[in-house]
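Student: Below: one structure in structure tokens.
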Amino acid sequence: MAPPLPRLRPELDIMPSPVPSQPGLLLRDPYRYSEAVLVVPPLLARCLGCFDGAQTEADLREALARVSGQPSVTEPARHLVKTLREAAFLDDEVFAERRARRHHEFTAAPQRAPAHAGSGYPAEAAPLATTLDGYLEQAPARRDGTGALLGIAAPHVSPEGGVASYAAAYRGLPAELGERTFVILGTSHYGEPDRFGLTRKPFATPFGATTTDGRVVSALARAAGRAARVEDYCHAVEHSIEFQVVFLQHLYGPRVKIVPILCGAFVEGPAAGKRPETSDTVARFVDALGELAAREGDRLFFVLGVDMTHIGRRYGDPLRARAGVGPLLEIQTRDRARIARLEAGDAAGFWELVCDGGTPEQGFDPLKWCGSAPFYTLHRALPQVRGTLLHYEQWNIDDSSVVTFGALALRGAV
């Protein structure tokens, strides 16, 4: 009996091809185990379901013959298998070797290399500084709040798409913050659920390399135990912290002190209809972060790299989403209701709204706020935090998909 075809890796990014002259499905690897980007033509794309770990190459040929109407499909079928395998898009020995090598390279590297220079922002220092200056000049009028400034929440969407929100978060931060350690809690889009990713590596950007506060990272790792993954590979590819780093370096110099923390999605508690801290790992990390904040006091400043709603065809919704139009007006109302809970310091109320209307099919959060874990982690660890909304916006990341985000000042309760 013929062995089954390897399974197509489920974590791949799969979306309609953005190139009209090359219709089909675009496949790429968000983990960057592979740098390949493939466009699978429409007929072959209809056969990708054969790569489920159960069907054989004979099943693939049968499916391709059926959709193409051609009796001889052996060569196209074999070419598809070969192309996917060589791209490391199949869950097989080629992928396993590529993954092991990339993990080893990250662990051995002295720095966390910039993953998004040249794509998310300019790859050279002078153009980057000019670009960020231009962004910051577009800041809306800043709302003053009461209480000591403990941190900010900024987007992690591509900076060119979230200029006003980045500017609202970063412009006007006091110069004396440069002496503090910036604890950056970013969304982990690819990390293990209910876990937190740490690294001691300096973050390198076109400005230079940060100083990662190893003392604080080690203290947090000891207290968090198995809740934390030290030298988490996800840091190698994640953008939610990298984008904050370039703004902080621009304001406070390349050697700015940071503690990078990636927050995995909360799953265990919500799956049981309970709060995230039902998971022992989430509860332990929240306690560890709270104890660290109490011990370090004003030596720390917190930065959240967070986006909000994701809606539209890119995110699996049938809706052709347009920012600020039709259903997105209701999304704004729902976003602002959640933000109001953060402004009030009501972590429990915030989480109730996150889960309101969720179904097993669409996940516990119907709005797909990728920033909910960092927000909840900070507000549980520092219950005195109160938010002040500085700016809110919606952005069409493509013609039929929208991401929402904003900027908040995070202050201590008076």
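Student: Pop the C-beta distance of T146 and A96 into the FRET formula with R0 = 51 Å and round what comes out to the nearest 0.05.
Tutor: Numbers: r = 55 Å, r/R0 = 1.07.
Efficiency for this residue pair is about 0.40.
Student: Applying a 10 Å radius around every beta-carbon, put 7-18, 41-52 in order of their mean neighbour count, most first.
Tutor: Numbers: 7-18: 14.7, 41-52: 17.7.
In decreasing order of mean packing, 7-18, 41-52 become 41-52, 7-18.
Student: May I pose another question? Accessible area per residue of the chain at 1.4 Å probe, in Å²?
Tutor: Working: 17860 Å² over 414 residues.
Each residue of the chain exposes 43 Å² on average to a 1.4 Å probe.
Student: Also: What ranking do 384-390, 268-274 get when scored by the average of other Cβ atoms within 10 Å per residue, highest first?
Tutor: Details: 384-390: 21.3, 268-274: 15.0.
Order by mean packing, descending: 384-390, 268-274.
Student: Related question: What's the ranking of 72-85, 364-377, 163-176 by average number of surrounding C-beta atoms within 10 Å, highest first? Spell out each step's value before the answer.
Tutor: Details: 72-85: 16.0, 364-377: 23.3, 163-176: 19.6.
The densest-packed peptide leads the list: 364-377, 163-176, 72-85.
Student: Share of the range 1-63's accessible area from carbon and sulfur, percent, 1.4 Å? Provide the component values of the computation, followed by the final result.
Tutor: Values: 1990 of 3440 Å².
Answer for the range 1-63 is 58 percent, counting heavy atoms of protein chains only.
Student: Do you know the relative contact order of the range 327-371, to the nearest whole percent, from alpha carbon pairs under 8 angstrom that are 6+ apart?
Tutor: Numbers: 29 pairs, mean separation 10.8, N = 45.
Answer for the range 327-371 is 24 percent.
Student: Can you tell me, using C-alpha contacts under 8 Å and at least 6 residues apart, the relative contact order of the range 1-78 as a whole percent?
Tutor: Values: 109 pairs, mean separation 22.1, N = 78.
Computed value for the range 1-78: 28 percent relative contact order.
Student: Please report the carbon-and-sulfur percent of the accessible area for the range 88-220; probe 1.4 Å, protein heavy atoms only, DNA, RNA and ligands left out. Walk me through the intermediate numbers first.
Tutor: Details: 2790 of 5520 Å².
On the range 88-220, the fraction of accessible area on carbon and sulfur atoms equals 51 percent.
Student: Right, another one. What is the helix-to-structure angle for 74-86, meaning the angle in degrees between its Cα long axis and the longest Cα principal axis of the chain, kept from 0 to 90 and rounded to the nearest 10?
Tutor: 30 degrees
Student: Using the Karplus curve 6.51 cos²θ - 1.76 cosθ + 1.60 with θ = phi - 60°, what ³J(HN,Hα) values do you get for each residue of the range 380-386, in whole Hz, with x for Gly and Pro?
Tutor: 6, 6, 10, x, 7, 6, 10
Student: Another question, then. Would you work out the relative contact order for the chain, in percent, from Cα pairs under 8 angstrom that are 6 or more residues apart? Intermediate values should be presented prior to the final figure.
Tutor: Numbers: 812 pairs, mean separation 71.6, N = 414.
With pairs under 8 Å counted, the relative contact order is 17 percent.
Student: Could you list the residues of the range 136-180 with an amide nitrogen less than 14 Å from a label point located 7 Å from the Cα of D298 in the Cα-to-C-beta direction?
Tutor: From the range 136-180, the list is 147-151, 174-180.
Student: Hey, how many Å between the Cα centroid of the range 236-288 and the Cα centroid of the range 25-45?
Tutor: 29 Å
The values are calculated or read from the model by the stated rules, or taken from the named source; none is laboratory data. Everything quoted here is computed from the prediction, not taken from an experiment. As a convention, Cβ positions derive from the backbone with ideal geometry for all residues, glycine included, and neighbour counts pool all protein chains shown. Calculation scope for accessible area: heavy atoms of the full protein, side chains included, ligands and nucleic acids excluded. Shrake-Rupley method; radii C 1.70, N 1.55, O 1.52, S 1.80 Å.
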